[in-house]
1. Summarise the accessible area of segment 34-90 (1.4 Å probe, protein heavy atoms) by the percent that is carbon and sulfur.
2. Please report the antiparallel percentage of the DSSP beta bridges confined to segment 1-75, to the nearest 5.
3. Take the alpha carbon gyration tensor of the chain, find the square roots of its eigenvalues, order them as a ≥ b ≥ c, and report rounded if a/c is under 1.5; if not, report prolate when a/b exceeds b/c, else oblate.
4. How many nm is it between the label spots at residue 4 and residue 182, if each spot is 7 Å from the Cα in line with the beta carbon?
5. From the phi of every residue in segment 231-245, what ³J(HN,Hα) in whole Hz does the Karplus formula 6.51 cos²θ - 1.76 cosθ + 1.60 yield, where θ is phi - 60° and glycine or proline is x?
6. Starting from the 7 Å offset along Cα-to-Cβ, what nm value, one decimal, do you get for the label separation of residue 307 and residue 221?
7. By how many nm would the segment from residue 174 to residue 279 grow when fully extended, if each residue of separation counts as 0.36 nm and the alpha-carbon distance is taken off?
8. Give me the number: length gained by fully extending residue 331 to residue 103, i.e. 0.36 nm times residue separation minus the C-alpha to C-alpha distance, one decimal in nm.
Amino acid sequence: MAHIQEQKFAELGFQKSTSSHKLVSYHKQLIKANSNTPILVLLHGYPNSAYLWRHIIPLLPHPLFIPDLPGYGNSSAPEKHDKVSVGLLILAALRELIDSFNKYSDSSHARSPEVLPIVLIGHDRGARVAHHLHLYSPNAPILGFTVKGLALLDIVPTHSQWAIGDEAEKATGWFHWSFLANPSIAVPMIQAYGGGKWAGDMIERWAGTNASAREKMKEGDALAVYSSFFNHPEVIEATTRDYEAGATTDVEFEKKAIEEGRRIVVPLLLAYSAGFLPKRAKKPILEVWSQPWSEGAHLITEWPIGDGVGHFVPEEAPEETAQALGKWLQTL
C-alpha cells in the first residue's frame, strides 16, 4: 500500500528524494524559496507518514518540504531518536536538496541565499521535533535555515504531557506513551498483535466522534497506507525508540532548556482538537504554552477545532486546519 503514498504525491506535483541518511521526502517548488518566501516544513506524527498532509497540501502556499520522519514510513531509522537529532537529520536532507539546486542552477535560476527562512509545521511527534529543533537554537540559524514561525498541532510540551500521569482518566487515554517507551516489551507485543492492526486501531482510538471527519481521515485508503508501514518490524522498532527518547532524553532536553532560559521566540500557532488536547493538560492550552515555554501569550495564536474532530486535525478537518495556517502565515 505504500505505493498509494507515492502516487498521491506525484499527482500533487511533488518530487521524491532520498537523502544521504536515507530519509525519504517529497518537495515542491523549493527553487522559489528566498529570504521573503519561507519553506514550509511539514512533519507528521505517530503512527502516520508524510501521507498525513495529503488533504492540506493543495490548500497551502509553496514551497513545501514533507519528509517521512526518520524510522517512519519509507525513511530509515536514525542512530539517535531524540527530537533534536531527528530534526537535524530532516534539515540536513533539506540542505542537501537546496545545495544541489544551487550546484546545478543556471543563469535562469538565482542561487538561494546562504540562510533561508523556514516555517516548522508539526503534528503529534512531528510537532515535538519542531518544538525541540527551535529550542536547540532559538536565536541562530541551523544548518543554514532560520525558523520564522512554529505551528504545533495538537500537542502540549513533553514535560507537561508526563505531568498529567497522576490523573487516572487522563493517563489511560495516553497509555501508549509508557508502553511504547519500553521497546523490549512493546516491540514483541505489537508484532504479536499485528503491526498494521495496531496502527489502525490506535488511529481509530484517537480520532474524533464526528462521523464525516472520520471518513475524511480515512479517504485515499489512509489506514491501509499507515498499516502497511507498520507491518515492517523495523518501523515498529524505530517508532518505539522514538517514545523511549520521549521518556528520557527529550524530557532532560526540555528541563535543561528551561533552566538555560531557551524558549520559543517566534510566532507560534496552536491548532488543536478542542475535545482531545485539553484532556492532556492541567490548565488551558494557551497558559500551557506561555512562559516558560515561550516568551509570552503575545506570540501565540490559538485555534481550537471543535465539532467532534479528534487528534488527527490535518486529516479530520483539513479545510479548517489549512485556514488556521493560512491566516497565521500571512502575519509572519
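1. Working: 720 of 1480 Å².
Its accessible area is 48 percent carbon and sulfur atoms.
2. Numbers: 9 of 11 bridges.
The antiparallel proportion sits near 80 percent.
3. Working: a/c = 1.38, a/b = 1.18, b/c = 1.17.
Rounded, because the longest to shortest axis ratio a/c is under 1.5.
4. About 3.3 nm separates the two model spin labels.
5. So the Karplus estimates, Gly and Pro as x, are 7, 9, x, 5, 6, 4, 4, 5, 6, 6, 5, 4, 6, 4, 5 Hz.
6. That separation, rounded to one decimal, is 2.9 nm.
7. On the way: separation 105, 0.36 × 105 = 37.80 nm, distance 0.99 nm.
Contour length minus the Cα-Cα distance gives 36.8 nm.
8. 78.8 nm
The values are calculated or read from the model by the stated rules, or taken from the named source; none is laboratory data. Quick caveat, the model's predicted, so the values are computed rather than measured. Positions of Cβ are backbone-derived with ideal geometry, glycine not excepted, and every protein chain shown enters the neighbour counts. Please note that ligands, DNA and RNA were not included when accessible areas were found on the heavy atoms of the full protein model with its side chains. Shrake-Rupley method; radii C 1.70, N 1.55, O 1.52, S 1.80 Å.
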